[in-house]
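To keep things clear, I will list the structure first and then write my remarks on it.
The values are calculated or read from the model by the stated rules, or taken from the named source; none is laboratory data. Everything numeric in this text was worked out from a predicted model, so none of it was measured. Glycine gets a Cβ as well: all are built from the backbone with ideal geometry, and neighbour counts include every protein chain shown.
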Amino acid sequence: MTHWTLVSSFIGQTHYSFIRALILTLACGLVLAPSARADNRSNSLLAIHDSGTLAACSNRDSGTVTIVSLPEFRKLAEVPVGLHPEGVAWIPGTGLLVCCVYGDDSVVVIDSSEQKIVQRVEVFDEPYAVVPHPNAKTVYVTLEYPGQVLAISTEDWTIKSTWPAGKMLRGLAISRNGESLFVTEYLTANLKELSTQDGKLLRTVEAASTDNLCRQVTLSPDDRKAYVTHIRSRVNAIQGTGSIFPYVGVVTLNGEKNGQRIRVPMDSFRGARVTANPWECAVSGDGQRVYVVFSGTNDLFVGKVRGDDYVELDYEAALRLGNNPRAVRVTPDDAMFIVYNALDFELVGYSTKSGEIAGRCTVTENPLGEEVLLGKKLFYSALQPLSSRNWISCSSCHPDGDSDGRTWQQPEGLRQTQPMTGLAFTHPVHWSADRDEVQDFEHTIRGPLMQGQGLLKGQLPEALADPISGRSEMLDALAAYTNSHQFTLSPHSKNGLSESAVRGQKLFLSDRTGCAKCHSGPFYADSQPMPTDQIVRHNVGTGNDDPSEKMAPEYDTPTLLGLYRSAPYLHHGKAATLKEVLTTWNKSDQHGRTSDLSESEINDLVEFMNALPFEDPVPAAEAAGLKKVVK
């Protein structure tokens, strides 16, 4: 490979007769030779067919899967699948495509010749990654919550096995011989190996305690190495130059260094060129190169594999990509790698020899509207004017509006990262209710954390002072995106509230506990958009538990919706479970009266809170006349 850098040329080719012949071949049921190449054995939002003639990607914002012909980069079909699709994979030797529909809790099977869904498998919650067994008889799926791996038969599309495998699972890969699965924990970056025979945990290769947001694992062609993309979250640092770091972890799976894990820092991989938020990586067919995409700085790095069990990767080349790249895959002939720029809604192919663009294709139209799209691009950007050093973006802690599961040392004290779902109805913002509009995060952008130029011209008023909405198109767009996140229903209430949850609901609403006095209304919070002199805060007895706290003892009431997946709890993140919130951290009954509850009553209360939301809160909020902040 030559050393190439930034390219911008287009190459467009179309061979319609070939495409028609390919579709006819698939429709007639001719079997195509399966492949054991590494890229077909690891999870991704982008999948290339073994034949090299088809690519498919999931479009999270559109709720669709797009099928594209190669090498022409012609869009063949866009199939609606549901809310927030994630991982996709081709079944070896067939024209069938499997997709995890994360927001609808289902796994769908698409026939590429008929260009439609032919099977839908309902699962418990949050399917993220999918890989097929080399024999094509089984596909494996990770459920982020509750941390399970499913084995699904491709003969009748039933779930054959369900294996608990850790917490918050995402990444998934399968060995060449089909005997082992490799799974990553999203919030710890731990790598686990499971037997495909019975789901038995064979080993865990632990990451550092600071490692986080690990979405993917990719295996080398010979299964000797596993590559995992993740970040490092140093929660004790309050500056962007010391808090978030991008890494590719390289795990040795056999040989003398079996189990060794080396973290390759991507912020110094190419001298002083800092990158942010590695999302996925791919390995060339010969195992000599690793391609890494960075969603925060819109970069791609090419690393040359040393195989020395020490340095592991050497820098070889770089590309500047489009907006928010989330996937990269190498074609079976190693002639091209393809990148999915999620917020440009396009696939772009690059020559592995020259780095020049070999083709591109728009996979879906913008479903967000121009303002929200601009806001989302800003939210994911670690570039100026949001960040001067390129290490950190809003999405580094709030990916897709979720929590990073961390508790950060902020200037005002310890602060656990909250999800953004329902934010439009639950202003003010922050545990301390010290910001009454999302636009006030201009203070964060200009401050020591992000050190950016900022999105607002002129002087910035104090938070909770004069409003700044309407003064910056970009700040308003950032607010519009941030306020757009909505809840999905809890998997614990899919079949209605359990008997235990019903008992817990009665306790929650009773005067005996008083929980509903603060956690009230459709969003189970008394926090809602209001004038700054009417903001409500409460002392729940936890303000003195953190020696670094500067704004205690009163805090904003957070929504309880989605608690089942957003541990740890409380502003300082010291409660690992909901049960600890009600017991260990509420001995003085300042956070509701729970000290006299029996263990079974505590369990009922926890069961109810885990079932939230059991109905869409928005219609009830609108019917009650609750205010909503749009931007």
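A few comments on the model shown:
- If the condition is being closer than 25 Å to GLY401 by Cβ, part of a strand (DSSP E or B) and free of Cβ contacts under 8 Å to residues at least 40 places away in the same chain, then the range 186-237 contributes only ARG232.
- Qualifying residue in the range 530-543 (condition: among the basic types (Lys, Arg) and either at pLDDT below 95 or within 30 Å of ASP476 (Cα to Cα) (or both)): yes
- Only listed residue being under 26 Å from the mean Cα position of the chain (by Cα), not in a helix (DSSP H, G or I) and not assigned by TED's automatic domain parsing to the domain that holds HIS430, chosen from THR584, THR559: THR559
- Subset of the range 356-415 (residues that are charged (D, E, K, R), part of a loop (DSSP other than H, G, I, E, B) and over 18 Å from the mean Cα position of the chain (by Cα)): GLU356, GLU365, ARG389, GLU412
- Under the condition of being farther than 21 Å from ASP39 by Cβ, within 15 Å of the chain's Cα centre (by Cα) and aliphatic (A, V, I, L, M), the residues counted in the range 190-232 number 2.
- Within the range 344-381, the set of residues being within 27 Å of GLY452 (Cα to Cα), buried (at least 22 other Cβ atoms within 10 Å of the Cβ) and in contact with a strand residue (DSSP E or B) (Cβ under 9 Å, 6 or more places away or on another chain) comprises PHE345 only.
- Of the criteria (1) outside the structural domain of GLY93 (by TED's automatic domain parsing); (2) at pLDDT 95 or above, which one THR5 fails: (2)
- Once the range 425-448 is narrowed to residues that are in a loop (DSSP other than H, G, I, E, B) and out of contact with any strand residue (DSSP E or B) (no Cβ under 8 Å at 6 or more places or on another chain), the residue that is surrounded by the fewest Cβ atoms within 10 Å (Cβ to Cβ) is PRO448.
- Subset tally (residues that are assigned to a loop (DSSP other than H, G, I, E, B) and more than 22 Å from PRO85 (Cβ to Cβ)) for the range 131-164: 5
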